[in-house]
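All remarks here apply to the structure that follows.
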Amino acid sequence: MLSNQQLKEFQQQLQQTKQELEERLSDSGNHDLRRSMEDSTGELSSYDNHPGDEGTELYEREKDLALTEHDRDEIRDIERALSAIEAGEYGKCEVCSKEIPLERLKAIPTTTYCVEHTPSQETSDNRPVEEEVLGPPFGRFDYDDRHESVAYDAEDSWQDVASYGTSESPSDFVNPPNDYEDMYVESEENVGYVENYENFVGVDMYGKEVTVYPNSQYEELKEELFEENIQTPFGDLPRYEHDPYVDEEKD
C-alpha cells in the first residue's frame with residue numbers, strides 16, 4: 001500500500017503534468033488546429049497548389065490532429081488518476097483490485113490498471129471509415145481480369161482523360177516516358193489494336209496473301225528490332241520451314 005507521502009508525490013506529479021499539457025494546448029492553439037489550412041500556409045486559396053504540396057499540408061494537419069488527441073487523452077488519464085487519489089483507490093487495479101506495483105506507477109503514474117488488465121492489451125478492430133467505400137483501382141468497373149474481355153472499362157476511361165494531361169512528372173515513374181503527354185499509367189498501350197504489325201500488315205478474306213504496307217509504324221518497328229538485334233518482338237525465328245510455335249516437337 002502506498003504511503004501518504006508517496007500519494008502526495010504522485011498527486012503533485014500528475015497535477016504538474018496536467019498543467020503543462022493544458023498550457024501547451026493553449027499556447028499552440030490546439031497544435032494550430034484553430035487555423036484553416038489556407039491560414040497555416042499563408043495563402044488565400046490552395047486551388048493552384050501541386051497535389052504533392054497539398055498532400056504535405058494534409059499530412060501536417062493530420063499530425064496536428066493526432067498530437068491534440070494524444071494530449072487530450074493524457075489529460076483524461078491524469079484526471080482519472082487524480083480522482084482515484086481523492087477516492088482513496090489510487091494504486092489498486094480497477095478490475096481485480098490488486099495492488100499495482102510501485103515500479104509500474106513510477107513508470108506510468110496515470111495508470112489505474114495492473115499489467116494483466118491494462119486496456120492497451122486489447123487489439124482494436126476499429127478501421128478507418130474510408131475503407132467502407134475504398135476498393136481496388138476502378139472497383140467493379142475494371143474488366144482486365146475477365147477472360148478475353150475487350151470491353152471499355154473504368155481504366156480505359158481514365159486513360160482517355162489522362163491523355164489530355166496530368167500532374168505527374170518524370171520523377172513519378174520508375175521508367176519515365178519520353179514525352180510529357182505520356183505521363184500516365186500504360187500510356188504506351190495500343191488503342192484499337194493489339195500488336196504493332198496490325199498497322200501495316202494485311203491479308204485477304206481467307207487469311208492468305210500476306211501483304212506489308214510500309215508506313216511510319218512499320219519503320220518504327222524495323223528500327224526497334226534493329227536496335228535489339230532480333231527478327232521479331234518475341235525473338236529470332238528458327239532456320240526451318242515449319243512453325244515451331246504450333247507444330248509438336250518430334251523425337
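The values are calculated or read from the model by the stated rules, or taken from the named source; none is laboratory data. Because the structure is a prediction, the values reported are computed rather than measured. Heads up, the Cβs are rebuilt from the backbone with ideal geometry, glycines too, and the neighbour counts pull from every protein chain shown. Heavy atoms of the whole protein, side chains included, go into the accessibility calculation; ligands, DNA and RNA do not. Shrake-Rupley method; radii C 1.70, N 1.55, O 1.52, S 1.80 Å.
Details
- A straight Cα-to-Cα reach below 22 Å connects LYS106 with the lysines LYS8, LYS18, LYS92, LYS98, residues fewer than 8 places away in its own chain not being considered.
- On the stretch 149-194, 51 percent of the accessible area sits on carbon and sulfur atoms, based on a 1.4 Å probe.
- Dipole magnitude of the stretch 63-198, debye to nearest 20 (Cβ charges: Lys/Arg +1, Asp/Glu -1, about Cα centre): 1520
- Taking amide H as placed 1.01 Å from N in the peptide plane, LYS98 has its amide H under 5 Å from the amide H of CYS93, each at least 5 places away in sequence or on another chain.
- Rounded accessible area of SER97 (nearest 10 Å², 1.4 Å probe): 80
- Among the GluC sites (Glu not before Pro) in the stretch 53-148, those placed in a DSSP loop whose Cβ has at most 11 other Cβ atoms within 10 Å are GLU122, GLU148.
- Residue-normalised accessible area of the stretch 191-230, expressed per residue, 1.4 Å probe, Å²: 88
- For VAL201, distant residues with modelled amide H under 5 Å away: TYR213
- Taking a ≥ b ≥ c as the square roots of the eigenvalues of the alpha-carbon gyration tensor, the stretch 78-117 is classed oblate because a/c is 1.5 or more while a/b is no larger than b/c.
- In order along the stretch 93-104, the phi-based Karplus estimate (6.51 cos²θ - 1.76 cosθ + 1.60, θ = phi - 60°) of 3J(HN,Hα) comes to 5, 5, 8, 9, 6, 7, 5, 7, x, 4, 4, 5 Hz; Gly and Pro are listed as x.
- Over the stretch 111-216, Cα pairs under 8 Å with separation of 6+ residues give a relative contact order of 13 percent.
- Solvent-accessible area of SER124 with every protein chain in place, 1.4 Å probe, in Å² to the nearest 10: 80
- On the basis of the beta-carbon distance and an R0 of 41 Å, GLU89 and GLU54 show a calculated FRET efficiency of 0.25.
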